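Presented below is the structure to which this report refers.
The values are calculated or read from the model by the stated rules, or taken from the named source; none is laboratory data. Note that the structure is a prediction, hence the values are computed from the model and not measured. No Cβ is skipped: glycine too gets one built from the backbone with ideal geometry, and neighbour counts run over all protein chains shown.
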Amino acid sequence: MPVTESPRAARRLAGWFEERLGADRIREFIAHKTVPVHSGTIWYYFGGITLFLFGIQVLTGILLLLYYRPTATEAYESVQFIVTRVEFGWLIRSIHSWSANLMIFTAFVHMFSVVFLRGWRRPRELTWLSGIVLLGLSLGFGFSGYLLPWNTISYFATKVGADLAAAAPVVGPALARFLRGGDDVTGATLTRFFGFHVAVLPALTTAFLALHLALVQRFGISTPPWIEERNRRRGAPIPQMPFAPNFFLRELMAWYAALAALGVLAALFPWPLGEKADPFAPAPAGIRPEWYFLAPFYTLKLLPSHIWVLEGEQAGLIGFGLLAIWWSALPFWAVDGAGRERTRLLNGVGVLLIAWLSSFSLLGYFK
Amino acid sequence: MPEPSRRSFASWLLSGGIAASLASFLYPVLRFLRPPSLPEAPVNEVVAASAQQMPLNSGKLVRFGSKPVLLIRVNETDWRAYGAVCTHLNCTVQYQSASQQIWCACHNGFYDLNGRVVSGPPPRPLEEFTVRLRGQEVVISRRA
């Protein structure tokens, strides 16, 4: 075949796909998509980094599935097998664990940057709410995945978490029983959590991620109101950067940076496996949950045994629940009836929440 | 009030049928999600230790059916046993011989040798069991 035939055949093939997929419309859409450029643009990258880390989770999770066995008698041994016998097994598991933690961290950074850059304003309320659901699902991934190695720390963390669910008013006991697959944390819980971790949560996450990204596409990336105002006064439009290739290549560099951080952490600090869970051993000294549950964990430690007519953990759970609902409803209370922003309240609550999360997490870690 | 037309009746019938069929699909799913209660052979007493092998001022976790029980030998003649499940959030407690207290590592709850809460978040005392000696065997049983 002459050399010139090959590009022609490729063009024909591309044309064949084009005709059937309508890719020109997608190209057209991407070509016209822009991202606002201002002093806060750097914060826009965190949503993309979170998405990238989720992709890493999916890939490494699929790899781990090839060897992992979700039963109380085999789970610990199968993870031990992965990290000691399977080539690069330690690395894959370590990357899975580290990227889970980094993903939750970047999701929190993304959430707070949206709060302070006012990305939740009308008409982006549903984008905010779908993001909150995704954060909740990420925490669900963390909680369910934590038990899977079936080690001592994860066993007791799950006991505490499930018992905390039991303290919820009305539905608590049924919810805890549903989560545990019985009255206590056993092999049945492990099997359930495995199901949640690899089937239920990924399905829900895919649906909400699709909604979240579709909404981001629909409304575009928001510009903070003070930048809009400044440019309006100057009579100048807000500078824009093309999404492709300018923003995307920058985002790609951010992904590389995240990958580099992940590689360093996973290689230098391999995720420990710990001791196999023994339901008839005492909870070990220094036990604590993953860092993203440390703030509520430490708060529960400080609460007295009874608050008014409630037991301490019940009061704590109700408090955390109300706080989560209130925070989720942020787009609806952060503006008044006339649509004016309650700036002081919003900034105050945001700063207080960050202060509580960081200080109580540190106290929970070190005390 | 307008008379219901044939169309609205058909619409009602269709939506009602869909709702009923959805309910009939969901009901077994919901029931499936609820874990069945597994009957356990009732355990009334267990031989927890040999008196000779348990040092003074020490504790030992023993299996009582599906639950852990903490057996404590306070001195030569004083034996006690408590359900080892913390009343706060279900962690398994341990005996601290230095302070002669029962400790839950999860949220730093302390109980005294009578199973009563000394400090920390636990809301209730530990469940108490009866201990008796049968020769050299230490036998734990449920309180009547």
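The one condition from (1) buried (at least 20 other Cβ atoms within 10 Å of the Cβ); (2) more than 22 Å from residue A:192 (Cβ to Cβ); (3) without any contact (Cβ under 8 Å) to a residue 60 or more places away in the chain that residue A:85 does not meet is (1).
Test of understanding: among B:84, B:98, B:105, which residue is among the small types (Gly, Ala, Ser) and surrounded by fewer than 15 Cβ atoms within 10 Å (Cβ to Cβ)? Even if it seems obvious, please write down each step before you answer.
Values: B:84 fails: surrounded by fewer than 15 Cβ atoms within 10 Å (Cβ to Cβ); B:105 fails: surrounded by fewer than 15 Cβ atoms within 10 Å (Cβ to Cβ).
From the options B:84, B:98, B:105, the qualifying one is B:98.
Listed conditions (1) surrounded by 18 or more Cβ atoms within 10 Å (Cβ to Cβ); (2) more than 14 Å from chain B (Cβ to nearest Cβ) are all met by residue A:203, apart from (1).
Of the residues screened, residue A:120 is one that is outside any helix (DSSP H, G or I) and either over 30 Å from residue A:342 (Cα atoms) or hydrophobic (A, V, I, L, M, F, W, C) (or both). Of the residues examined, residue A:163 is not one that is farther than 21 Å from residue A:136 by Cβ and crowded, with 17+ Cβ neighbours inside 10 Å. Among the residues of segment A:299-313, the one identified as more than 9 Å from chain B (Cβ to nearest Cβ) and in a helix (DSSP H, G or I) is A:299. For segment A:314-330, a residue qualifies if it is over 18 Å from residue A:363 (Cβ atoms) and crowded, with 20+ Cβ neighbours inside 10 Å, and the qualifying residues are A:314, A:317, A:330. For beta carbons closer than 9 Å, sequence separation of 6+ or different chains, a first residue in segment A:271-287 that is free of Cβ contacts under 8 Å to residues at least 60 places away in the same chain and within 14 Å of chain B (Cβ to nearest Cβ) and a second that is surrounded by fewer than 16 Cβ atoms within 10 Å (Cβ to Cβ) and of a type outside the set (Ser, Thr, Tyr), the qualifying pairs are A:280/B:63. Residue B:59 meets all of the listed conditions (1) within 12 Å of chain A (Cβ to nearest Cβ); (2) surrounded by 14 or more Cβ atoms within 10 Å (Cβ to Cβ); (3) assigned to a loop (DSSP other than H, G, I, E, B) but one, namely (3).
Among the residues that make up segment A:54-73, is at least one of them farther than 30 Å from residue A:135 by Cα and either surrounded by 13 or more Cβ atoms within 10 Å (Cβ to Cβ) or modelled with pLDDT of 90 or more (or both)? Yes, segment A:54-73 contains at least one residue that is farther than 30 Å from residue A:135 by Cα and either surrounded by 13 or more Cβ atoms within 10 Å (Cβ to Cβ) or modelled with pLDDT of 90 or more (or both).
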